[in-house]
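S.K.: This is the structure I have questions about; it appears just below.
The values are calculated or read from the model by the stated rules, or taken from the named source; none is laboratory data. This is a predicted model, so every value here is computed, not measured. Please note: Cβ atoms are built from the backbone with ideal geometry, for glycine as well, and neighbour counts cover all protein chains shown. Accessible surface is based on the protein model in full, side chains and every heavy atom, while ligands, DNA and RNA are left aside. Shrake-Rupley method; radii C 1.70, N 1.55, O 1.52, S 1.80 Å.
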Amino acid sequence: MLTDMEVVENSLVRGSPLLERFPGSFHTRNTQKGVPAGFGELAKPGREYSSSSEDTATRSKDSGILAVRGQSFTMSGLCTDILRKSYTAAHIHAECSNLAHDSGCPPSLTKLLDELLNPSKDIGDRETINWCKWLIASGNTPEKFAKIVRMYDNATTCGLVWTPNFVAYRCRTCGISPCMSLCTECFKKGNHYGHDFNMFLSQAGGACDCGDASVMKESGFCDRHGPKAAVDTSAAPSNLMCVAEAMMPRIILRLIQHLRENCTVGRRNYEAAIQDADEYLTMLIDFNKMGALMRHVMTSALTNPQKYRNLMDPTVSTGEPEYDSYCQDKCASLQEHLQHTTFLEELMFWTVAYQFPQKLVCLLLNMLPDPEYKEALTRAFVLHYSRVSMMLERSTDPDTLSNRVVHVSVQLFSNESLALKMVDQLKLLHVMVIALKYMMSKILIQNTLHDPDKNFHYVVDCERQVMKEHCYWPIVSDLNNVLSHKPIAVRFMSDDTLLEMWFDFLSMFQGMNVNQREVNQHVEYESNTYYAAFSAELEASAYPMWALVSHLRGPESAVLTRRVLSFCLTALQDWLDAINFTHPNVSDSLQVSFHLPLHRYFAVFMCQAVRQQGATLNDLLPPTDMLHLLMMHPLRVQNCDEKELELGILEDKFLFL
C-alpha cells in the first residue's frame, strides 16, 4: 500500500544519489498545481526510473500505477505527488540534520515555508496542510512517521481531554483535589475497589488526571501511568525530530496570524474564523497525539521567548517583502500594555478574545502532560484572567463560555503547588477578587431598605444579565478551587488587603433584592429576581465561606478566625452606617431582604471559633448596642408574616435558604 511507503535514499533511483539530484537552489518557477516553486524538478510525471535487471517491477491492480517498492515504474497521479513530497522532505531532513540544535530553519526550508505558510493563503488549504505533514515526516509517510515517534512515547500521565457530555469518573478516596477526574479506561484499569467514587456526565469538559501525583494518590493510578508505569525510556535518534523542531514555530505563527487577521467584533465572525482553521487545528492536535516526543517539540516552540522574538521582531527581515509588511502591520495592533513574550502568551490572548473556541481549548489542554508547559500555560492564563471576566459579562452566550473557561481553569488550579506559585508570583487571589468586584460594581443600584433618602448603600441589580445568567460563576468556581488548598486559604485570611476587598464585595449583596409588601392591590406577576439573588449569595458568598472554614480546625488557626471576624465586624458597622440603621426599634414591617451574607459570615466564623478553637463568646461578640442592631435584620427574616407563608407568597423564596 502507498500509505506504508518509506522512501530510502538510493533504493529506488539508479544513478546519482537522491540528495545530489535535488536542485541546490530554487529559482525555477514550477506551475504544476500544488507544487511550490523550485520543487518540480525533483519528480515529474512521465519520467522513467529503472534499477538493476534482477529486480522486478510490480503494478498495483487497483490503481494502475507501479508499486513504490518496485524498481521500474512510471510516476503519475497520486504516486507522483507522494514521491515529490517524500523526496523533498528527505532532502529537507538531511539539511536539518546537519544543523546545530535550535539553529532555526535551513534556507531551503525557510523559502518553502514562506510560500506554503504565506498569510495571504487560506489557512485551511488542504495541500498546504498535506505538505506540512509530509515535510515533518522527514521522508517517511506521515502515518509511518507517527508510528515511529510513538515508539518513543515515555509519557507517564494520561491527559486525555474531553468535551461536554463525556462520561468520566471521580474517586474521592484517591483524590487529593476535589476536582480530580478519570477517563473510563484509566478508572477501570486502576484499583478503585471499595472506594468512594461516582460516574458523572461532564458538563464543562475535562481531562484525565491519571498519573498526576499532585491531584490524586499513586495508589489509584492505572498500570500505564505514574512513576512506576512501564514505559519505553530508550532514547530517540537525535535527528528524528529535527524538521519538526525547525518547522513548528512557523506553523504556530501561521495560526496566530490567522487569529489576528480575523479578530473582528461579533460572535459569528469568531466562529467563522475558527471554522476556517478547523483542519489546521486538527493537524496540530494530531501532531500532539504522537506522544511525548512531538509534544515536547510543540511546547518548546510555544514557550521559548527567543523563538517568539525571532519571528515577531519586525526589524528582522525574512527576505519576503510581503511577509515582512504583514508582520509589521499586524504587530502594531497589539496594545502597548500587553507585552507578550512567547507564542503561548499571545495564543492565550486570542483564545480569550475569541471566547474560548472548543478546538483551540482542546489543543492547549492536550499538551498539559508536559509539566513545564503546564506551568507556562497557567502563567499565561493568569496574566489574561482579568480579560476573562470582561468577556464573560459581554458574552451573548455566557453559559457556553463559562463552561469553556472552567474547562481550562480546573485543569490548572487543581494542582496545589502550581496554584500556590501563581498566588505568590502573580497575585492570583487579588486578581480573582478584583475581577469579581469589577464585574459587580458595574451593575450597582441604590439600596431601598428603610428610608431610601437616607440610605447611601449600593447593591447589585438582580435584573441584570450578570446576575440572571450567572456570569460570575467561572471566577467563583476558580476561587473555590484554589481555596480548597490550605496554604492558599491561609494566605487569603492573612492578607489585610484581600480581606478588606472581599468584604467590600460581599457588601454588594448585603440587603439586595428588597421584598416590599403590597397592601393596596393584587400583584399579578411577581418578579423572578429572587432566583438570581439566592443563587448569587449561595455561589459567590456561601461556597467560598465554607471553603475557608474547612481549614480552621484547631486552636493553632484561631488567629485567622479572629482576623476574619474583625474585618467582618468592620464591614457590618459600615453597612449599618450606610443604611442609616441606628436604632433597633425602627418600624419598617412592610419590607425585608433575605440576603445578609455579612451576618452569615460573622455567625459561621464565630461558631467555628467556639466549637473548634476553644474561644468564648465574650471574646468575640461586639458591644451590646451594636449586637442589638445586628440582631434585627436576621430576626425580620425569621418573623415574616405567617399568613404570607401559608398563602405561598414567600414559599419559593424560602426553598433557597
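S.K.: Filter region 426-455 for residues that are free of Cβ contacts under 8 Å to residues at least 40 places away in the same chain and in a helix (DSSP H, G or I); which is most open to solvent (accessible area, probe 1.4 Å)?
M.R.: Asp453
S.K.: Being in contact with a helix residue (DSSP H, G or I) (Cβ under 6 Å, 6 or more places away or on another chain) and either within 18 Å of Ala146 (Cα to Cα) or without any contact (Cβ under 8 Å) to a residue 12 or more places away in the chain (or both): is that true of Thr299 here?
M.R.: Details: in contact with a helix residue (DSSP H, G or I) (Cβ under 6 Å, 6 or more places away or on another chain): yes; either within 18 Å of Ala146 (Cα to Cα) or without any contact (Cβ under 8 Å) to a residue 12 or more places away in the chain (or both): yes.
Against the criterion (in contact with a helix residue (DSSP H, G or I) (Cβ under 6 Å, 6 or more places away or on another chain) and either within 18 Å of Ala146 (Cα to Cα) or without any contact (Cβ under 8 Å) to a residue 12 or more places away in the chain (or both)), Thr299 qualifies.
S.K.: Another question about this same structure. Return the pairs, sorted by first residue and then second, in which the second residue is open to solvent by 50 Å² or more (accessible area, probe 1.4 Å) and at pLDDT below 90, the first residue lies in region 162-175 and is on the phi > 0 side of the Ramachandran plot, the beta carbons are less than 9 Å apart, and the residues are 6+ apart or on different chains.
M.R.: Qualifying pairs under 9 Å: Asn165/Gln203.
S.K.: Now a separate question. Hey, can you tell me all the residues within region 391-436 that are touching a Lys or Arg at 6+ places or on another chain (Cβ under 9 Å) and not aliphatic (A, V, I, L, M)?
M.R.: Glu393, Ser395, Thr396, Asp397, Gln411, Asn415, Glu416, Lys421, Asp424, Gln425
S.K.: Do you know which residues across region 176-217 are touching a Gly at 6+ places or on another chain (Cβ under 8 Å) and either assigned to a strand (DSSP E or B) or polar (S, T, N, Q) (or both)?
M.R.: Listed by number, the residues that qualify are Ser181, Leu182, Asn191, Ala207, Met216.
S.K.: If only one of Ala155, Ala137 is buried (at least 20 other Cβ atoms within 10 Å of the Cβ) and of a type outside the set (S, T, N, Q), which one is it? Spell out how you get there, then give the answer.
M.R.: Values: Ala155 fails: buried (at least 20 other Cβ atoms within 10 Å of the Cβ).
Going through Ala155, Ala137 in turn, just one is buried (at least 20 other Cβ atoms within 10 Å of the Cβ) and of a type outside the set (S, T, N, Q): Ala137.
S.K.: Oh, and also: Among all residue pairs at least 6 apart or on different chains, which show Cβ distances below 6 Å where the first residue, located in region 79-90, is under 13 Å from Trp131 (Cβ atoms) and in contact (Cβ under 8 Å) with a residue 40 or more places away in the chain and the second is open to solvent by less than 10 Å² (accessible area, probe 1.4 Å) and of a type in the set (Phe, Trp, Tyr)?
M.R.: Close Cβ pairs satisfying both conditions: Thr88/Phe39.
S.K.: Another question about this same structure. In region 530-541, what count of residues is obtained for those that are of a type outside the set (Phe, Trp, Tyr) and in contact with a helix residue (DSSP H, G or I) (Cβ under 7 Å, 6 or more places away or on another chain)?
M.R.: Result for region 530-541: 6.
Here is a yes/no grid of residues against (1) at positive phi; (2) at pLDDT 85 or above:
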residue: Gly64; (1), (2): yes, no
residue: Gly70; (1), (2): no, no
residue: Leu78; (1), (2): no, no
residue: Arg84; (1), (2): no, yes
residue: Ala90; (1), (2): no, yes
residue: Asn98; (1), (2): no, yes
residue: Leu109; (1), (2): no, yes
residue: Leu112; (1), (2): no, yes
residue: Leu116; (1), (2): no, yes
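S.K.: Name, by its number, the condition in (1) surrounded by fewer than 20 Cβ atoms within 10 Å (Cβ to Cβ); (2) modelled with pLDDT of 95 or more that does not hold for Phe166.
M.R.: Every condition holds for Phe166 apart from (2).
S.K.: Something else about it: Could you tell me whether any residue of region 502-520 is open to solvent by 10 Å² or more (accessible area, probe 1.4 Å) and assigned to a helix (DSSP H, G or I)?
M.R.: Looking through region 502-520, at least one residue is open to solvent by 10 Å² or more (accessible area, probe 1.4 Å) and assigned to a helix (DSSP H, G or I).
S.K.: Is it the case that Gln573 is over 18 Å from Val514 (Cα atoms), of a type outside the set (A, V, I, L, M) and in contact with a Gly (Cβ under 8 Å, 6 or more places away or on another chain)?
M.R.: no
S.K.: A further question follows. Do any residues in region 189-201 that are touching a residue at least 12 places away in the same chain (Cβ under 8 Å) and in the same structural domain as Phe166 (by the TED database) have Cβ atoms under 9 Å from those of residues that are of a type outside the set (Ser, Thr, Tyr) and open to solvent by 80 Å² or more (accessible area, probe 1.4 Å), where the two are at least six apart or on different chains, and which pairs are they?
M.R.: Lys189/Asp223; Lys189/Arg224; Gly190/Asp223; His195/Arg172; Asp196/Arg172; Phe197/Arg172; Asn198/Arg172; Leu201/Asn165
S.K.: Also: Go through region 625-654 and report how many residues are under 15 Å from Val514 (Cα atoms), part of a helix (DSSP H, G or I), modelled with pLDDT of 50 or more and hydrophobic (A, V, I, L, M, F, W, C).
M.R.: Within region 625-654, residues that are under 15 Å from Val514 (Cα atoms), part of a helix (DSSP H, G or I), modelled with pLDDT of 50 or more and hydrophobic (A, V, I, L, M, F, W, C) number 1.
S.K.: Same structure again: Restricting the first residue to region 408-424 and requiring it to be under 14 Å from Pro371 (Cβ atoms), which pairs with a second residue that is open to solvent by 30 Å² or more (accessible area, probe 1.4 Å) and of a type in the set (S, T, N, Q) meet a Cβ separation below 6 Å and a spacing of at least six or different chains?
M.R.: Note: pairs meeting the criteria are Asn415/Ser214.
S.K.: Can you find a residue that is without any contact (Cβ under 8 Å) to a residue 24 or more places away in the chain and of a type in the set (S, T, N, Q) anywhere in region 370-378?
M.R.: No - not one qualifying residue is present in region 370-378.
S.K.: To continue, here is another question. Determine which member of the set Leu565, Leu598 is in contact (Cβ under 8 Å) with a residue 60 or more places away in the chain and either in the same structural domain as Val459 (by the TED database) or over 20 Å from Glu537 (Cβ atoms) (or both).
M.R.: Among Leu565, Leu598, only Leu598 is in contact (Cβ under 8 Å) with a residue 60 or more places away in the chain and either in the same structural domain as Val459 (by the TED database) or over 20 Å from Glu537 (Cβ atoms) (or both).
S.K.: On to the next question. Report yes if Ser181 is under 21 Å from the mean Cα position of the chain (by Cα), surrounded by 20 or more Cβ atoms within 10 Å (Cβ to Cβ) and on the phi < 0 side of the Ramachandran plot, otherwise no.
M.R.: Yes, satisfied.
S.K.: Counting just the residues of region 391-425 that are open to solvent by less than 50 Å² (accessible area, probe 1.4 Å) and among the hydroxyl-bearing types (Ser, Thr, Tyr), which one comes out farthest from Gly159 (Cα to Cα)?
M.R.: Here the residue is Ser395.
S.K.: Also: Restricting region 214-235 to residues that are under 22 Å from Leu293 (Cβ atoms) and of a type in the set (Val, Ile, Thr), which is modelled with the lowest pLDDT?
M.R.: Taking the candidates together, the pick is Val231.
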